[in-house]
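*Asks:* Dumping the structure here so I can ask a few things about it.
The values are calculated or read from the model by the stated rules, or taken from the named source; none is laboratory data. If you're wondering where the values come from, they're calculated on a predicted model, not measured in any experiment. Don't worry about glycine lacking a Cβ; one is built from the backbone with ideal geometry, like all the others, and counts go over all protein chains shown. Surface areas here come from the heavy atoms of the whole protein model, side chains and all, with no ligands, DNA or RNA. Shrake-Rupley method; radii C 1.70, N 1.55, O 1.52, S 1.80 Å.
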Amino acid sequence: MSINTFGHLFRVTTWGESHGPALGATVDGCPPGVAVDAAMLQHWLDRRKPGQSKYTTQRREPDAVEILSGVFEGKTTGMPIQLMIRNTDQRSKDYGDIAETFRPGHADITYWQKYGIRDYRGGGRSSARETAARVAASGVARAALGQIMPNLKIKGYMVQMGSQHINRENFDWDQIDQNDFWVPDAEAATNWAGYLDGIRKSHNSVGAVIEVVASGVPAGLGAPIYGKLDTDLAAAMMSINAVKGVEIGEGMASAALTGEANADEIFMGNDGQPVYSSNHAGGILGGISTGQDIVVRFAVKPTSSILTPRQSISKSGEAIEVVTKGRHDPCVGIRAVPVGEAMMACVLLDHALLHRGQMGDTKGTIG
């Protein structure tokens, strides 16, 4: 059962646990001849790694990636690429008190019910630390996409933290990399700092909504019915730890629109290519990309590991009060931003390879 693998042609298998000696990814299906080195992958991992501000877990991991196979003289060989990230700052003793109990809101109880065994040290595979492997793999995907879609840009950002929303009228792409929250609204970034400080100091946590936009995607990626681009994007985002909802384009809000308001009208542009009056569809129609920006949003629940006492049960069925010690994110959505970007990159490369395999250079023309 390939339950630790995603993708069709570009396939990523992640492995390792939060408090094991290492974790990583095996990447298979990357075309040969793509320039890849550890420094290139490290750039993306550095965006996700913990301990970069007081608003994320203070676990200090360098997240240094090692390339063990599949790259020779700086180029991919077409063989499986093995990536490894060593864990260096585990504190497994922090979890000794919960070895026999289940943390409310966490996967402890379902892992136990399914497997009859669980790694209680930081949650094992259910820990958000697993996402480091995905981000490393996405560096390979981005390198390949740079050859296939040279105009592609993928950018993620937060649009909501708890009850706090951005003001779309203040949207500024340049602000995203200028604050601790990946937020495109300078005023919101200031307000959210105080808001999250209060959450953090009260030993609580809060959820978030992340939006990921891919521009420069050509029309034609994806396939009808079971091979839809949005199907795979939704599955990829939902697979991220703590994600509880995914939207494409208008998403749930489209239910409140009329057909007249929701339809993206189509016109011929000056360059002989179709242009659209709006993008309610999020860049995908019938499971196939339109050439517009692809827009995906996903909701991340509050971190389940908190210092506030919560009621639960032990493995023997006894009632117990749980307080989770350790180092945890007051808003795990902050570090989910580069993870969402990573999943977008992996899915787009996978569909680009599928499209090339089925269609080659064939495409429908307009005009």
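*Asks:* Normalised by the residues of the chain, what does the relative contact order come to in percent, with Cα pairs under 8 Å and at least six apart?
*Replies:* Normalised by residue count, the contact order of the chain is 22 percent.
*Asks:* If I compute solvent accessible area with a 1.4 Å probe over the protein chains, what percent of it on region 61-188 is carbon and sulfur?
*Replies:* Working: 2950 of 6150 Å².
Accessible surface attributable to carbon and sulfur in region 61-188 totals 48 percent.
*Asks:* Sticking with this one: Which FRET efficiency, nearest 0.05, do TRP173 and VAL323 yield, Cβ-Cβ r, R0 41 Å?
*Replies:* 0.50
*Asks:* Could you tell me how many degrees, from 0 to 90 and to the nearest 10, lie between the Cα long axis of helix 229-238 and the main elongation axis, the longest principal axis, of the Cα atoms of the chain?
*Replies:* Between helix and principal axis, roughly 10 degrees.
*Asks:* Within the chain, count lysine pairs with alpha carbon atoms under 14 angstrom apart where the residues are 8 or more positions apart or belong to different chains.
*Replies:* So the count works out to 4.
*Asks:* Just want to confirm a number: the relative contact order over region 152-301, from Cα pairs under 8 angstrom separated by 6+ residues, in percent.
*Replies:* Computed over region 152-301, the figure is 28 percent.
*Asks:* Also: Would you work out the charge dipole size for the chain about its Cα centre, treating the Cβ of every Lys and Arg as +1 and the Cβ of every Asp and Glu as -1, and quote it to the nearest 20 debye?
*Replies:* The calculated dipole for the chain is roughly 1240 debye.
*Asks:* Please work out the average accessible area per residue across the chain, using the 1.4 Å probe convention, and give it in Å². Please report the intermediate quantities before stating the final value.
*Replies:* On the way: 17370 Å² over 367 residues.
Each residue of the chain exposes 47 Å² on average to a 1.4 Å probe.
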